[in-house]
Amino acid sequence: MKNHVDTYQYKGLRRQLVELLRKKGITDEGVLAAINNIPRHFFLDSAFDKIAYEDRAFPIGEGQTISQPYTVAYQTQLLEIKPNDKVLEIGTGSVYQASVLAEMGAKVFTIERQKKLYEKNKDFIFKGNYPNIKFFYGDGFQGLPTYAPFDKIIITAAAPFIPPKLVAQLKTGGMMVVPVDLGPVTQMLRLTKLADGGYTEEQFDNFSFVPMLEGRSG
Ligand code: SAH
């Protein structure tokens, strides 16, 4: 069961969360405004209502998690989102990250490999607010060739390697933000696509994520 009532109390908790994210180094005002505007408790079972605005990941079923707000903010900031950016997200999960992108004016294409999570998202309460999110059931390693190329790509699970098909679906000058599993740590990388089809790579902090898995799960 989910609680879909927002109150001053939840709004206050969100403002505190935004202040915490500022202290942790998030500076993109667009990202902070989106997090301030989106009731994260709508995306979680009501059992988590009281703690929904703690800076923590929580279970969302099927062994998956909603990412920690700091992680969502960090990845979104690295994407340098502009209104009307065409963004591919791998790992829809709870739809929270997709909603942050949509709130910032991006056109979001999001893929989930877990059938049950994909089905759940059909009833997603915020759908009416965000006609700019399109949902797909599929394997993120394949991307969405029909809708390519994308301005930005965000992977929200730990990738075992940089998926070549996703690099191919980026525009020249486009960016991909991807946590890559290096064994002992999972490091956030930002790739920028070059005109010759290759990319440059910038390295950022370490994070923890559920694994990006091959194929769909029925
Ligand atoms: N962005 C989500 C985070 C969910 S956790 C949110 O805001 O809640 C990562 C998600 O990636 C999980 O739901 C998992 O099932 C999904 N996933 C893992 N590997 C995938 C793949 N190859 N293709 C698509 N989704 C994948």
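The values are calculated or read from the model by the stated rules, or taken from the named source; none is laboratory data. It should be emphasised that the depicted structure is a prediction, and the values quoted were computed from it without experimental measurement. Ideal geometry is used to build each Cβ from the backbone, glycine not excepted, and the neighbour counts take in all protein chains shown. We work out accessible area using only protein heavy atoms, side chains counted, and drop any ligands, DNA or RNA first. Shrake-Rupley method; radii C 1.70, N 1.55, O 1.52, S 1.80 Å.
Restricted to region 162-174, and to residues there that are open to solvent by 20 Å² or more (accessible area, probe 1.4 Å) and either in contact with a strand residue (DSSP E or B) (Cβ under 7 Å, 6 or more places away or on another chain) or part of a strand (DSSP E or B) (or both), the residue that is nearest to Thr92 (Cα to Cα) is Ile162. Annotation note: of Asp49, Asp28, the sole residue that is touching a Ser or Thr at 6+ places or on another chain (Cβ under 8 Å) and surrounded by 14 or more Cβ atoms within 10 Å (Cβ to Cβ) is Asp28.
Restricting attention to region 102-148, report how many residues are of a type in the set (Val, Ile, Thr), touching a strand residue (DSSP E or B) at 6+ places or on another chain (Cβ under 8 Å) and surrounded by fewer than 18 Cβ atoms within 10 Å (Cβ to Cβ).
So the answer is 0.
Here no helices (runs of 4 or more DSSP H) wholly within region 1-99 include at least 3 residues being within 22 Å of Asp123 (Cβ to Cβ) and touching a residue at least 40 places away in the same chain (Cβ under 8 Å).
With the requirement that a residue be under 20 Å from Tyr199 (Cα atoms) and more than 9 Å from the ligand (Cβ to nearest atom), what does region 143-157 give you? Result: Gly143, Leu144, Pro145, Ala148, Pro149, Phe150, Asp151, Lys152, Ile153.
One line per residue, one yes/no per condition, for (1) in contact (Cβ under 8 Å) with a residue 60 or more places away in the chain; (2) touching an Asp or Glu at 6+ places or on another chain (Cβ under 8 Å); (3) within 16 Å of the ligand (Cβ to nearest atom):
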site	(1), (2), (3)
Leu182	no, no, no
Arg190	yes, yes, no
Ala195	no, no, no
Gly198	no, no, no
Phe207	yes, no, yes
Arg216	yes, yes, yes
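When region 188-218 is filtered for residues that are buried (at least 16 other Cβ atoms within 10 Å of the Cβ) and part of a strand (DSSP E or B), the ones remaining, listed by number, are Met188, Leu189, Arg190, Leu191, Lys193, Tyr199, Phe207.
Evaluated against (1) under 22 Å from Gln64 (Cα atoms); (2) assigned to a loop (DSSP other than H, G, I, E, B), Phe141 falls short on exactly one condition, (2). Look at (1) open to solvent by 50 Å² or more (accessible area, probe 1.4 Å); (2) more than 20 Å from Glu119 (Cβ to Cβ) and you find that Gly63 fails only one, number (2).
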